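Below is one structure, written out as structure tokens; comments come after it.
The values are calculated or read from the model by the stated rules, or taken from the named source; none is laboratory data. Everything quoted here is computed from the prediction, not taken from an experiment. In this analysis, Cβ positions are derived from the backbone assuming ideal geometry, glycine residues included, and neighbour counts consider all displayed protein chains.
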Amino acid sequence: MQDTYTISELGREFGITTRAIRFYEDKNLLSPTRDGQRRIYSRADRTRLKLLLRGKRLGWGLEQIRSVLNMYETGHEGELQQIEYTCKKVEERRQQLLQQQQDIKAALLDLDSIQSRCEAYKNKLENDHKSKRA
């Protein structure tokens, strides 16, 4: 594993745009060193980006992600706090997704019912139309 990374290398590795990486930098979630105009990202920056993107996939907001990242940087002193916070946020998100899953199932059942009634009514109208022509 290398010690430093360019913005392009991180973008390719994680499948995101350099603009997205700069956005996270603007939000003070990443803080690369500079060599003139060139950004130099450390292993720690790479790890922060990896954790940040994982948080985004989980549906967390930037402030939740920032809290976890800041605890991560406190070392072992913040480890228990980080794990407790992360477990709590994971469970909250899990419950949200389970509720969304139930809502989707209910919506699909409603749509199935509406579709069945629409098809039945359409068939009735077609049959009525045919019998009027006959």
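The table for this structure:
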item	result
Criterion (under 23 Å from ARG12 (Cβ atoms) and surrounded by 14 or more Cβ atoms within 10 Å (Cβ to Cβ)) met by exactly one of ARG48, ARG66	ARG48
Only listed residue being assigned by TED's automatic domain parsing to the domain that holds ALA20, within 30 Å of TYR5 (Cβ to Cβ), under 17 Å from the mean Cα position of the chain (by Cα) and of a type in the set (D, E, K, R), chosen from LYS56, LYS89	LYS56
Boolean, GLU84 is acidic (Asp, Glu), more than 18 Å from the chain's Cα centre (by Cα) and modelled with pLDDT of 85 or more	yes
Residue list for region 35-53, filter: of a type in the set (D, E, K, R), touching a helix residue (DSSP H, G or I) at 6+ places or on another chain (Cβ under 9 Å) and free of Cβ contacts under 8 Å to residues at least 40 places away in the same chain	ARG38, ARG39, ARG48, LYS50
Every residue from region 54-63 that is within 21 Å of GLU79 (Cα to Cα) and either touching a helix residue (DSSP H, G or I) at 6+ places or on another chain (Cβ under 6 Å) or assigned to a strand (DSSP E or B) (or both)	GLY55, LEU58
